[in-house]
Structure formats: C-alpha cells, structure tokens
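S.K.: This is the structure, below, for whatever I ask next.
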There are 2 protein chains.
Amino acid sequence: MPWPKDIKENPAKFIINSDVTISLSPYNRGRVRNAAVNFLRRLSNRTGVFLNEGFPTTDKKGSIHITFSTIAKLGIKNDESYALNVNNTSITITAKTDVGAIRGLETLLQLTQNNESHYFFPGITINDAPRFVWRGLMIDVSRHFQPIHVLKRNLDAMASVKMNVFHWHLTDDQGFRFESKVYPKLHELASDGLYYTQEQVKDLVAYADNLGIRVIPEFDVPGHASAILTAYPELGSKDGYEYHIERFSGVFDPTLNPTKDITYEFLENLFKEITPLFPDTYFHIGGDENEGKHWDENIDIQKFKNQNSLQTNHDLQTYFNIKLEKILNKLGKKLMGWDEIMTPNMPTTAVIHSWRGENEGLPNGGSLIAAAKKGYQTVLSNGYYIDRMLPIEHHYTVDPIGNAQLTEAEQSRILGGEATMWSELVTPLTIDSRIWPRTAAIAERFWSPQNINNVDDMKKRLKKVSFHLEELGLTHIKNRDVILRSMTNNQDITALITLSKICEPLKIYARNKDGIEYKTYSSFMLFADACVVNATDASAFNHTVISFINDENNTNKVLFYLNNWAKNHDNYMKLEKNPKIQPLESLSKNLSEVSLLLSNAIQSKSISTENLNAVKNHIEILNNPLVDVEVVIIDTLKALTAYCETKYLSN
Amino acid sequence: MPWPKDIKENPAKFIINSDVTISLSPYNRGRVRNAAVNFLRRLSNRTGVFLNEGFPTTDKKGSIHITFSTIAKLGIKNDESYALNVNNTSITITAKTDVGAIRGLETLLQLTQNNESHYFFPGITINDAPRFVWRGLMIDVSRHFQPIHVLKRNLDAMASVKMNVFHWHLTDDQGFRFESKVYPKLHELASDGLYYTQEQVKDLVAYADNLGIRVIPEFDVPGHASAILTAYPELGSKDGYEYHIERFSGVFDPTLNPTKDITYEFLENLFKEITPLFPDTYFHIGGDENEGKHWDENIDIQKFKNQNSLQTNHDLQTYFNIKLEKILNKLGKKLMGWDEIMTPNMPTTAVIHSWRGENEGLPNGGSLIAAAKKGYQTVLSNGYYIDRMLPIEHHYTVDPIGNAQLTEAEQSRILGGEATMWSELVTPLTIDSRIWPRTAAIAERFWSPQNINNVDDMKKRLKKVSFHLEELGLTHIKNRDVILRSMTNNQDITALITLSKICEPLKIYARNKDGIEYKTYSSFMLFADACVVNATDASAFNHTVISFINDENNTNKVLFYLNNWAKNHDNYMKLEKNPKIQPLESLSKNLSEVSLLLSNAIQSKSISTENLNAVKNHIEILNNPLVDVEVVIIDTLKALTAYCETKYLSN
C-alpha cells in the first residue's frame, strides 16, 4: 500500500539471510544511502536476521542492487517512478531519480513474507509511478504543539506510504511556533515557550528532504492571528483590543489590519526571515475563516475600503492577498492559500487549497474543479479532514477528480491532495492514532490508479500497514493501553480494552461543542483518547452479524462477541473505581445486559416480549453518547434485535 | 520515592478540582515556572480534572503556593532541601532554592490519591533533603546512539525521582557522537551520521538545567579510542593500523599516543570547543580499560617511557592524565575519570569514579572508600551497573558508605553515586525498560536516609513509580507489546506475554559472550528485548509458593499460575510460526507440561514417581537458557517439586 500501477508475479523466492547486501549506483550517499541503511535496520528488526553487512557495500554488487540516474531536487516535476524486480538470487530497483529509488525500497520492504523457517521476498516485477504529484499531510502544531521527534516519526510514516508533502501549519490563534529573530516577541510572548528554533526547522526540513518529502510552511494571515497580535497588537484591526493567546477552539475575531503599511513591512521582514529555511517554491499564507468582524468595527478600515473602491471584506482580503503575493514572488515563492482566497480578482498564479465542502454550505469536493477550470493550480483537502474522526471508507472513496470532465491542462492543475490533522483535540500522545492508519489509505488514493478502490481489500491491507507503522516507531497502537493504565491507576485494563474496541470518539467536532469544552491544556488522557476510528471489534462484529443474518452460519462467532461482552461488566466492576472510570458504568452495564439477552435468545432460539423490550431499552441507552464516545455497534445490535424479533419472539 | 527524610501525616484532605491554582514567589520564571506548568499538565492528565488556570497565577496567591529564596546555579553545593505542607485548603512548598522547590513539587505529585468521587492530596508535613549531592545516571550513547528526545524523556524521569546528574558518555570505540567544528572528521567519519549537533547539546544541557540536573560530558581517552582514531589515525599508538568504527562490543586496543605533542594539541583544541557547552565544573575523561597493548608494541613509546622514567603503562597513563588535568584546569574544569586513573602519582584534585569491584578482581564497593581516604572526591558506580540486568534488590542494597568508618572530611568527599546504562545491548526502543524502574530505587538509595532499606516496601512503591513513569512518557512498559507484536507478525500475543512474565534477559553480559554475538546493527526486537529484570509473574509466583509451602493456605493462588501456564502452550501452538517465535517452543511446551503435572499433584495431593521424574526433567530443560533469556521461576519450581515429593509421593 499504496497499490502499484503494474504488478507481475513470478514463482521465484529471494531468501532473506545474513548475506543480504545492498549496493547503490552511481552514488552511495544522500537519500538513497539513508534509505538503504534504514531498510537494512528495518529488515533485520522485522526478520530477526543478523546481517553481516550493516551498510551498503561499495566493493561489490549487492544482492539488492539499486540504480538511479539523478539526485532529485524536490518539486512538483520530480519523477518518482521506479521498477522493482525480485528473482531467486537478486533484486533490482531502477529509477530515474533517487526519490524513485527510495519509493521502490519501501515497496520491497512491504513484500516481506515468511514461512516457519525463513523470511523471503516473493518473485515479482513491478512498474510503478504516482497518479498525483502532491500527496500531502498537514499537521497543525499551533492548537497543540508537536515536538520535532513527533513530526519526524510521522514523516517516516509518510515516506513509508510514499507521501511527499508535509504541510506545516505553524501559526494560529493558539500559538506562534516559529522562532523569529527579527520579531522575537512572536515566539517569546505568543508560544508559551513551545516553538521550533530555526535550527530545528532546518533539521526537520533536511530530514524530510532525505525522505523525498517537501515541506510547505503555513503562516496563517490575516485571520487566525490572535497569537501574532498578542506579540504585536499594533498590527491589529481593532484598537485597544486585549489580544491574547487563545485557549479554546473555534474561529476568532483578531485579524491583521490590511490597510496599514506596517502590516506589510512586518510580513515582508518576517517572510524574508522564514523563506530561506524552506527551500520549496510553495508558501502557504492560510487566508481562511476571516469573518471581518474587526474590519467592520474599525472606521479607518471602512474609510480605506471606500477610498480604494473595495466593496466587500472579500475585496479587501484580495487586496491584502495580492500585496502578499508580490512580496512572496520577490522572495521566489508561489503563494498558496485556503480556498477563500479564490475571489474574482485573485491572479491565477496563486494556488488554491480546496477545503470547504458540504459542511460549509458548498458542493461536495469543494472548489477544486472550479479552481482548476479557472486556471489555478489546486490541491484537495475537502474529504480528507481526518480530525473529523470519520471511518476510513469515507476518505478512501473521495477522489480528487472523480467523474469531472476536464481538459488535459485542467487536469494537470489538480496537483493532488492533503490529509489535514487539525490538532484541537490531539496531543503528542494521541496524534499518531488520529493520523494513522487512516492516512495510509488516503495516501493510496493519491498514489494509485483511480480504479484501485475496493474498500474491503484496502481494509485488509491497511491492517497490515498499521502494524508495520508501529514497527517503524509510530505510537498509534501502543498508546491506547498507556491511557487505560493511567485511567485505572494501573489496574487490569482488560475490561476497558473490550469497551474501547466498540467505541469511537465523537465525530465531526461534536466532542468539543462550540470549541469551549476543552482548553488547550485540558487532559487528553481520557477514555475517548484511547478510542480510535474504525474500532476493531465493532467492524468485525458488524461483518459477523450481517453474515449470520443472511446465512445463519456464523452463530458461534456472534456468540463469541456477545458472551465476551456479557461477562465484561463483571470485570469492569472488579476495578477499584475513580472519577475517570466511574462514568463508564452505564455503558459497561447496558452492554453486558443486552449481550446476555441476545446471546440467550440466539442460543435458545427464543425471546420473550419482555426481554425484547429490555433489549431495545438497553440499545436506546447505549445509543446516547457518553464521556465523548459513541458505541458503534448500535445499528448491528438493532439489526440483530430485529432478526430475533422476527425469528424468535415467543410470547 | 525517594522516601523523604521526615514525614508527619495529618487528617486533612486537599481536594483536587478545577479551581486548583499555583503561585510562585518571588519569581514566576525559570525552573520553578517550568516545573509548575508541567505539574499542572501532569495533574490534569492523572486526574482528568480540567483546570481553569493552566499557568501559575500572578494576580493572587494560588491554592498551591511555592516560595523560594534564590535561583540556584547548579553544582555540588546547591541546596535541594524543601518543606511541603498540605492542609484542607492550601498547600505550601518552601525551599531555599528553586531546585529545592521543584523537588518538592515532585513529592507533591506523588502524593495524589483518590476515592470513587475525587482525587486529593492527603494532609502531610514533609521536611526533606538529600543524603548525597551526586545522584546520577550515566547513559552510553556510543554503542547505540540515543536521539535527543530519548535522553529528554529519561531526564524527565530522573527529575521525577530527584536525580541531579546526567553523565553523558559521548565517545567510545563504536562512535563519536559530538559535532566538532574544529575536528569535523570526528563526527563525519566516526559516527555513521549519528551524532549531536552543538545546538542539540546546548538544548539538552538547558533542558537538564531546567530540571535541576547537571550534565557531565565524558570524552573517553586514551583508550576506547577507535572512533577518534578512525577520524585522526595520526594520533594513534600503532603506525599503519587500520582504525575503524567498532561494530562489536568489548575492550579494544586502539589508544591515543601519549608521547606526541599533537595528541595534547588535539585534546586541548577539542576541549576548548567542548567545555563552553557544558557549564558544569566536572569533566569526565574516561581513562578506563586501557590495556596498553599498542603502547607495548610501539618502540618510540617504549623509548619515551625510558627517557621519562615511566616504569609502567600506568605511569605513562598518569603522565597523560596529569597533562590533561592541566589543560582542563586552564579551561576551568575539574578532571574526573574512572578509577584506573587513581595511580600513586595522580593529584588528589582529580575526581575518582569508582566502577570496578568483585567482577574485576577488586573488593566489593570498589575503590570508593580508598579514594575518599586518600583525599579524592569520589562517586560510586560499582554496584549500580544496571546493564548487568540484575534484580533491583541487588542494587538497592548497595550503600555508598555502608559501615565504613570515615572522618567527616572523608565522608564529605563521597559525593554520591551513578547508575550506569552501557548500551551495547539497548536501542531507543528498549533503553527505558533497562533503566526503569530499577533506577528509581537507586535514586532512593542516593537521596533517602541510609535506614530506608526495606526491600519489600521499596518494591511495592516501585511498582507505582513505574506506572507513573509511563504516565510521564517513558516507554519501558508499552514497548514490550510492540516487540511481541513484531515477533508474531501481529497475531494475538497473549501466549508470549505469559512467557515474557517469567523470563529475564541473560545477566552479567552472558547475552553477548565475548562481545561478538551482537553487532551494533543487529536486531534488538527479539524475545529477550521484550523481557525485563524482576519479571512480574515470577516475583509474584515465588512469593506465593513460599507462603504455600510454609502455611499451605495459598493453594488457589499457586494453582492459578500453574493452570495458566499449563494451558499456555495451546495458545502458543495456535500461532502461525515464524523463525522468531519457533525457538520458544521448547520453553512453552516444558513450562506447560511441568505446570500441569504440579497442578495435578497439588490438587490430588498425590504424585507418582514417574511424574515426579518427569517434573524434574522438565525443570532441567527449562533451566537451560534459550534465545538469550533465562526462566526465573526455576528455584521456585524446584522448591515446589521438593514439597510435592515430601508430601505427596504416592508409591
């Protein structure tokens, strides 16, 4: 995963033993060397085979031989194609660029198989290339700061599924995360001490580059500016306003004043400082969700609009954006912004980041197709908002182009897409479990041919990818138990694990209604934080019940789940209670009771009206969200109940 | 933990609710502010209470009020004492220095308790101060490089148990881990790209300082110099020798040439570059395990010895050390070295790090007392070698002074001790589980009064500390399952967890005989890496059996373990086999069989000679180490067998 463009299997078998070596041609340095060394480490860890040679060989051709022509400068024109061939005694990876070669190495590692006595790579010939040039993940480090090592492990994960753009959302109302030497108050007063030094930024950009990942910084203006204005209130649109770092979530009023020269002076100086650290051509200025309230309340800004024939606040923002684009052009950068920047007068040299959709009263798929038709390069995030906590099938089935009829030129302007990890509700402890494994499936959408879209097949492969991501260092699996141990004061967590496997965090921002339930410093070591999307037992139970209802041949599997839940409440009750686990009692109790009743009904092929009503009552109770999670087997329980009612009702 | 010097309980109860606030006097900045903010985060995570105020209040006195007199400059004279008082409505921490205040905050956090409905701090008055001024942990980052974030989380853990010295073993035969701008070949050619930039070093030192932890760098010379000589072979003692980064473990011959001026020029320039980054007065030059082989083989060095009346290689090394001490003194540093540097002519201004003991043919307790009597300041590590994988009781019962009769001056020269984490067999994945929780008990030895030495009581408290360390971000608990999932290709790991709870990694370096079984790049995601010292079920089973044999009243508990193991092999056999789990079969099978036989014997109060012999045979097989682990319930099984033989033998 992502599934390659073209695959031919053959019966060969390349055995992985301690003699495996890698050689690189023509250069044993840079990205490919880095990837080759990491490949050897990961292969050794996965297989337990102790390799004789821990580094690429230079004196002879390795049993894995990698050839490429050029060392790429990253950009949207970079060639990432590769060919991989595995036979009994040798493996070759051939690519135009070193980036293509490292994509091939990731594919090879995914091919690892084993039997009882050894690990091997199966014979295969693969020719592969990406469908889209822009396959991104955005991480918001403002709402919750994410330390460099957290970003690095996510970059590793991105590279392992061939993603190539890291969009770094560095500023927002809740914090300015970049060390500015020109305007030091930005990080001194507006970050709570949580920011990246310029050395760290350079280090991260180099780390990403080594993985073939471009880094696009985002400095969100003119809205989302509470942090900037906390440091430099003189740039604000409302005189005398008490600017402060926001502790809640939502859309706030503080906005830069687009009518003042000092605003542009500030941004030009700041961008001059920033841009040399980010070699990529694209530079994201945000531009979203400016509601213009403070502009409306400022007489001078109103005057300015009249003097400059700017009818609306959109016009004023376009005026601002065009000035910004000139500044960025001078610095050799291409301006990119969220789709609000696509106003009638905005030059088509800007890049439109399409994010709004049905949720914001726009058509599904957002502004992407419109932007491409108008002549803008464009990138899709609508449909890939992973912070909405929706099941993976929802994102996987969103295609950037879909059935749109586009000219070749229009199509080429659709660069690709980005999953967006907004961090209002995630901390370094939980961020991996919100990004992964779902983003791997999104990565496949961006890389693989459009017709690779079988959800069940994807889910099967995703399960394996998820586990390999843990092997790579991601924390999305292991941190569940950390949270549950913390919740229980280190008691036996079996009962809570069982519950967590059928619960998911509330979706589409319901967890943090109006943005004021959680502050940035609230606890995120709660039951909801231990739960993930696509809860494992829920999916399995749902499948099992469907097949039981249709064929009546899965009785034992259905009973396995029901009986396990039926006895779970006893385990839960054995826990010494505390304020963190006490609120789960109703969930635990009703689940056990409904499971026992349904289990008895299925086993006895009989259910009384009284018990049927009890079942329905338990399900109603379970259907109410609790401690910010929802039980995701409700529909299945209802289907099973309906089945019992039809078949077994005894009165 | 560590247990305070003086405790008085009272019946008050300070309820932890969202109104809790902290205030700091006289300064709301620096270490105490940092610790206070982290305290609020950790308290919120532990209790789930959403605090209204996420930062120390400045406008009013907080319900937790911290007062201190001075902001400390870290050093061995720094005062770390504090007084803590908890009553119903307010908590005060009073200290001479900010470091004392943050030690008090750690104590307070450890006091958190709860009932069903709320969390609280119990009423208490504590007056506390450390017994020793030097409470250290050494981490070797040469054998296996440990990224900055791994060190930082270990510094967090150290601070949480009031340790105050991080000894950073930065160079050895397997890698030079410091970026030198003066001698760049050191990190370019002798680190495999795994080194700390000077910015990272500064960042880490600042991070440690913020936690009240001093950082002592070690640059190990003249031996352990393979990496240095890989970069600068002209400094070596043997002409024409092919110096290279070592991939194995052990003691190697490459040694700096102490007779050449360029050696001292090199070291002076290097130390000039290094020392400004480490504000602490102490500077560790290693000096251990130089066997002088290359000195003996070099005619010029032999001549030099004769010319300078240096009888032995020890004399030559003393000559070298004295020159080094002068260089360091000029740079304002105090020379510290492993105890080999304590030769008759070595000035008493040097600091002796006592590490050798019985194992190296010296008396237990090593050279510590001798050094103190001779006038040296000294620090003990003999007895605290946590990489030897010995149970915690072994380390906890080693006291730096013990019963030695010392004058006050001699006693004051015994600064304290250091646990040493040599990293031949640990990676970032496993290092936490080798350091923690055992080092917390060693920290208690260094901080608490000498008479706090009840092993059982310590173990009970250690269990809680261990879990709190996970809450703090340490990975020693959660990474076990990561390894087991990797071993099984993500199958159900229950059977392997059961085995891991009675197995421990081979001790005292038996895992890596002669240092040539593992290379630095070998896999450390093996079964042995999932196992830890003081295996949980083993300890519990051992206790249970003792009480069963003595009182015959723990039958059910003993049977609980035996029956669990008896059925475990069935679970193991359900696993799809691969080369990583296949070798465990004999362990799994014999454990199940012996458990079944013993269980039957106990239940029926009867055992046949045949079964008794079978039991003994299984135990013999289990007694043989396997995949680098040993079963640590052997003695208990033997005791149980002997009991069955005496009581139940039926023919």
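S.K.: Please go through segment B:631-651 and pick out each residue that is over 14 Å from B:ASN613 (Cβ atoms), of a type in the set (S, T, N, Q) and either in contact (Cβ under 8 Å) with a residue 12 or more places away in the chain or not in a helix (DSSP H, G or I) (or both).
M.R.: B:THR636
S.K.: Still on this structure, I have one more. Only one of A:SER117, A:SER180, A:SER81, A:SER90 is in contact with a helix residue (DSSP H, G or I) (Cβ under 8 Å, 6 or more places away or on another chain), farther than 24 Å from A:LEU469 by Cα and more than 14 Å from chain B (Cβ to nearest Cβ); which?
M.R.: Within the list A:SER117, A:SER180, A:SER81, A:SER90, the selection yields A:SER180.
S.K.: Does B:MET389 satisfy being at pLDDT 95 or above and touching a helix residue (DSSP H, G or I) at 6+ places or on another chain (Cβ under 7 Å)? It would help to see each step written out before you state the result.
M.R.: On the way: at pLDDT 95 or above: yes; touching a helix residue (DSSP H, G or I) at 6+ places or on another chain (Cβ under 7 Å): no.
No, not satisfied.
S.K.: Additional query: Select from segment B:570-582 the residues that are of a type outside the set (Asp, Glu) and either within 34 Å of the chain's Cα centre (by Cα) or at the interface with chain A (Cβ under 10 Å from one of its Cβ atoms) (or both) and list them in ascending order.
M.R.: B:TYR572, B:LYS577, B:ASN578, B:PRO579, B:LYS580, B:ILE581, B:GLN582
S.K.: When you look at B:GLY175, is it touching a helix residue (DSSP H, G or I) at 6+ places or on another chain (Cβ under 8 Å) and under 30 Å from B:LYS464 (Cβ atoms), yes or no?
M.R.: The answer is no for B:GLY175.
S.K.: Only one of these is in contact (Cβ under 8 Å) with a residue 60 or more places away in the chain, hydrophobic (A, V, I, L, M, F, W, C) and surrounded by fewer than 18 Cβ atoms within 10 Å (Cβ to Cβ): B:VAL201, B:VAL182. Name it.
M.R.: Going through B:VAL201, B:VAL182 in turn, just one is in contact (Cβ under 8 Å) with a residue 60 or more places away in the chain, hydrophobic (A, V, I, L, M, F, W, C) and surrounded by fewer than 18 Cβ atoms within 10 Å (Cβ to Cβ): B:VAL182.
S.K.: Would you call B:ARG153 over 27 Å from B:ARG46 (Cβ atoms) and among the basic types (Lys, Arg)? Don't jump to the end; show me each part of the working.
M.R.: Numbers: over 27 Å from B:ARG46 (Cβ atoms): no; among the basic types (Lys, Arg): yes.
So B:ARG153 does not fit the description; no.
S.K.: Right, next: Considering only segment A:242-262, I want to know if a residue exists there that is over 27 Å from the mean Cα position of the chain (by Cα) and in a helix (DSSP H, G or I).
M.R.: Yes: one or more hits.
S.K.: Continuing with this model, one more query. Got at least one residue in segment B:205-217 being touching a residue at least 24 places away in the same chain (Cβ under 8 Å) and within 12 Å of another protein chain (Cβ to nearest Cβ)?
M.R.: yes
S.K.: Counting only residues that are more than 13 Å from chain B (Cβ to nearest Cβ) and closer than 20 Å to A:PRO579 by Cβ, give me the helices (runs of 4 or more DSSP H) lying completely in segment A:422-527 with at least 2 of them.
M.R.: Numbers: elements: A:431-435, A:438-447, A:455-472, A:478-487, A:494-500.
Of the helices (runs of 4 or more DSSP H) lying wholly inside segment A:422-527, those with at least 2 residues that are more than 13 Å from chain B (Cβ to nearest Cβ) and closer than 20 Å to A:PRO579 by Cβ span A:494-500.
S.K.: Could you please find all residues in segment A:15-51 being surrounded by fewer than 22 Cβ atoms within 10 Å (Cβ to Cβ), at pLDDT 95 or above and away from every other protein chain (no Cβ under 14 Å)?
M.R.: A:ASP19, A:SER23, listed by residue number.
S.K.: Another one. Within segment A:320-361, can you find the residues that are of a type outside the set (Gly, Ala, Ser) and either within 23 Å of the chain's Cα centre (by Cα) or at positive phi (or both)?
M.R.: Narrowing segment A:320-361 to residues of a type outside the set (Gly, Ala, Ser): A:320-331, A:333-336, A:338-349, A:351-353, A:355-356, A:358-360.
Within segment A:320-361, A:MET336, A:TRP338, A:ASP339, A:GLU340, A:VAL351, A:ILE352, A:HIS353, A:TRP355, A:ARG356, A:GLU358, A:ASN359, A:GLU360 meet the criteria.
S.K.: Something else about it: Counting just the residues of segment B:630-651 that are farther than 17 Å from B:PHE548 by Cβ and modelled with pLDDT under 95, which one comes out surrounded by the most Cβ atoms within 10 Å (Cβ to Cβ)?
M.R.: Across segment B:630-651, the extreme among qualifying residues is B:LEU649.
S.K.: Looking at (1) within 28 Å of the chain's Cα centre (by Cα); (2) more than 8 Å from chain A (Cβ to nearest Cβ); (3) surrounded by 21 or more Cβ atoms within 10 Å (Cβ to Cβ), which is the one condition that is false for B:PHE68?
M.R.: With respect to (1) within 28 Å of the chain's Cα centre (by Cα); (2) more than 8 Å from chain A (Cβ to nearest Cβ); (3) surrounded by 21 or more Cβ atoms within 10 Å (Cβ to Cβ), B:PHE68 is out only on (1).
S.K.: Now a separate question. Which of the residues spanning segment A:528-549 are surrounded by fewer than 20 Cβ atoms within 10 Å (Cβ to Cβ), within 14 Å of chain B (Cβ to nearest Cβ) and hydrophobic (A, V, I, L, M, F, W, C)?
M.R.: If the condition is that a residue be surrounded by fewer than 20 Cβ atoms within 10 Å (Cβ to Cβ), within 14 Å of chain B (Cβ to nearest Cβ) and hydrophobic (A, V, I, L, M, F, W, C), then A:ALA540 is the only one that fits.
S.K.: Also, I was wondering about something else. Can you tell which of A:ARG135, A:ARG143, A:ARG103 is in contact (Cβ under 8 Å) with a residue 60 or more places away in the chain, of a type in the set (Lys, Arg) and touching a Leu at 6+ places or on another chain (Cβ under 9 Å)?
M.R.: So the residue among A:ARG135, A:ARG143, A:ARG103 that is in contact (Cβ under 8 Å) with a residue 60 or more places away in the chain, of a type in the set (Lys, Arg) and touching a Leu at 6+ places or on another chain (Cβ under 9 Å) is A:ARG143.
S.K.: Then there's this: From B:GLU116, B:GLU80, grab the single residue that is in a loop (DSSP other than H, G, I, E, B) and surrounded by fewer than 19 Cβ atoms within 10 Å (Cβ to Cβ). Please lay out each step first, then the result.
M.R.: Numbers: B:GLU80 fails: surrounded by fewer than 19 Cβ atoms within 10 Å (Cβ to Cβ).
So the residue among B:GLU116, B:GLU80 that is in a loop (DSSP other than H, G, I, E, B) and surrounded by fewer than 19 Cβ atoms within 10 Å (Cβ to Cβ) is B:GLU116.
S.K.: Here is a list of conditions, (1) surrounded by fewer than 16 Cβ atoms within 10 Å (Cβ to Cβ); (2) in contact (Cβ under 8 Å) with a residue 12 or more places away in the chain; (3) closer than 28 Å to B:ARG247 by Cα, and A:GLY75 meets all of them except one; can you say which number that is?
M.R.: It fails just one condition, (3).
S.K.: Continuing with the same structure: On the given criteria, is A:PHE541 under 34 Å from the mean Cα position of the chain (by Cα), part of a helix (DSSP H, G or I), at pLDDT 95 or above and within 25 Å of A:TYR396 (Cα to Cα)? Show your work before the answer.
M.R.: Details: under 34 Å from the mean Cα position of the chain (by Cα): yes; part of a helix (DSSP H, G or I): yes; at pLDDT 95 or above: yes; within 25 Å of A:TYR396 (Cα to Cα): yes.
Yes, satisfied.
The values are calculated or read from the model by the stated rules, or taken from the named source; none is laboratory data. Quick caveat: nothing in here was measured; it's all calculated off a predicted structure. A quick note on method: Cβ atoms are made from the backbone with ideal geometry, for glycine too, and the neighbour counts reach across all protein chains shown.
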